[in-house]
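Report on one structure; see the data block that follows.
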Amino acid sequence: MAALTDARRLVVKIGSALLVDRATGALRSDWLHSTAADVARLRARGTQVVLVSSGSIALGRGVLGLPATVLPLEQSQAAAAVGQIRLARAWEEVLAPHDITTAQVLVTLEDSADRRRYLNSRATLETLIGFDVVPIVNENDTVATDEIRYGDNDRLAAQVAVTVGADQLILLSDVDGFYSGNPNIDSGAQRFDIIDDITPEIEAMAGDAGSGLSKGGMKTKLLAAKTATASGCSMAITEGSVLNPLTALENGGAATWFTPQLDPHAARKRWIAAMKPRGDLTLDAGAVAALGQGRSLLPAGVSAVSGTFGRGDPVRILDGRGATLGQGLVRYTAQEAQAIRGHKSTDIEAILGYPGRAVLIHRDDMAL
């Protein structure tokens, strides 16, 4: 069974009901400080942490005096605008004493559905993690409409886990795992400690009941588990309202773990390799050797460009004889790649008229 001690890169999803007191609409300060201490302890032993935190609408609702009912879209967006700044500040204030820098990242469904936006999100999150920052991710409820919404942060957290190549995702919830039935009304419902395969029978057991402040029911958590485990990320559902919830989980707290079939790196490579290529990049001998050493592809190593592709599209990677070395997601359009091929990365701005990324295809975006 997976354990929190195994995590190299961890995504933690935090629901509104854990952060915000239902009666007062205020943040649960003690809980927030204890969770920050958990994050600091995990990072001290080398685990990289990304937080997916709900709470902006719940906080804004309290400030604006809006009722605890389903709000019209414009009122939800207004509440999110008021609450999001408070949510980000709260995380900054509780993590700063641990010498942890935070960053706010707001996304919509379009940012993962569109390949170009997906690459932008991935690059931003990877860069923040590289700077030893803890990203605080939330859905951009201020601008999101129904057509571009995740609708719940369980699925958002799973997509973030896929995007950053996390090996573990923890859903801190108001239930302590996945049950065979609703434990609130079925005394015979039993919790699963581990689920290796999400079968139709497992799906049939899921209900829609959620708390008053959170949107995600058990069905959305199963959808999150499907997304995460298909990409090599194990996932746990655990009750998170206790103080130091991550420590509690690590010490054997009740949870349901969903196991992955692949590691995140292998799953991502398989996904890239399965795409239909939109063009070809032919490399010189030096670039071929560099890729063999695990390096990224620089414009200087490209001798020819063919096809019509946009930024984020899959392209084949060929050696000088035309043999296929693999496939990757390119960071420039075909026209841009043609203009900068054979040139040093330091020349990109002079050639294109604007600064660009140093690499044409990052090594994490290749399947060789």
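The values are calculated or read from the model by the stated rules, or taken from the named source; none is laboratory data. Owing to the predicted nature of the structure, the values given are computational and were not obtained by experimental measurement. We place every Cβ from the backbone using ideal geometry, glycine too, and count neighbours over all the protein chains shown.
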Which pairs do you get when a residue that is in the same structural domain as Leu171 (by TED's automatic domain parsing), found in segment 23-43, comes within reach of a residue that is among the charged types (D, E, K, R) and crowded, with 18+ Cβ neighbours inside 10 Å, reach meaning Cβ atoms under 9 angstrom, with the pair 6+ apart or on two chains? Gly25/Arg61
Are any residues in segment 96-111 under 20 Å from the mean Cα position of the chain (by Cα) and of a type outside the set (Gly, Ala, Ser), and if so, which ones? Ile100, Thr101, Thr102, Gln104, Val105, Leu106, Val107, Thr108, Leu109, Glu110, Asp111
Scanning for something surrounded by fewer than 17 Cβ atoms within 10 Å (Cβ to Cβ) and in contact with a helix residue (DSSP H, G or I) (Cβ under 7 Å, 6 or more places away or on another chain), does segment 44-56 turn up at least one residue? no
Identify, by number, the condition in (1) surrounded by fewer than 20 Cβ atoms within 10 Å (Cβ to Cβ); (2) at pLDDT below 90; (3) of a type outside the set (Gly, Ala, Ser); (4) under 25 Å from Gly25 (Cβ atoms) that Ile148 doesn't meet. (4)
Enumerate the pairs (first residue in segment 256-283 and aromatic (Phe, Trp, Tyr); second residue anywhere and part of a strand (DSSP E or B)) with beta-carbon separation below 7 Å, excluding pairs fewer than 6 apart on the same chain, so at least 6 apart or on different chains. Trp257/Ile194; Trp257/Ser234; Trp257/Ala236; Phe258/Ile195; Phe258/Ser234; Phe258/Met235
Residues in segment 267-299 that are among the small types (Gly, Ala, Ser) and more than 21 Å from Gly320 (Cβ to Cβ): how many? 3
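Going residue by residue through segment 103-113, is there one that turns out to be out of contact with any Leu (no Cβ under 8 Å at 6 or more places or on another chain), polar (S, T, N, Q) and in a strand (DSSP E or B)?
Scanning segment 103-113, I find at least one residue that is out of contact with any Leu (no Cβ under 8 Å at 6 or more places or on another chain), polar (S, T, N, Q) and in a strand (DSSP E or B), so the answer is yes.
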Taking the residues in segment 317-344 that are over 16 Å from Val305 (Cβ atoms) and in contact (Cβ under 8 Å) with a residue 40 or more places away in the chain as candidates, determine which candidate is surrounded by the fewest Cβ atoms within 10 Å (Cβ to Cβ). Lys344
Here the residues within segment 310-332 that are of a type in the set (Gly, Ala, Ser) and assigned to a loop (DSSP other than H, G, I, E, B) are Gly310, Gly312, Gly320, Gly322, Ala323
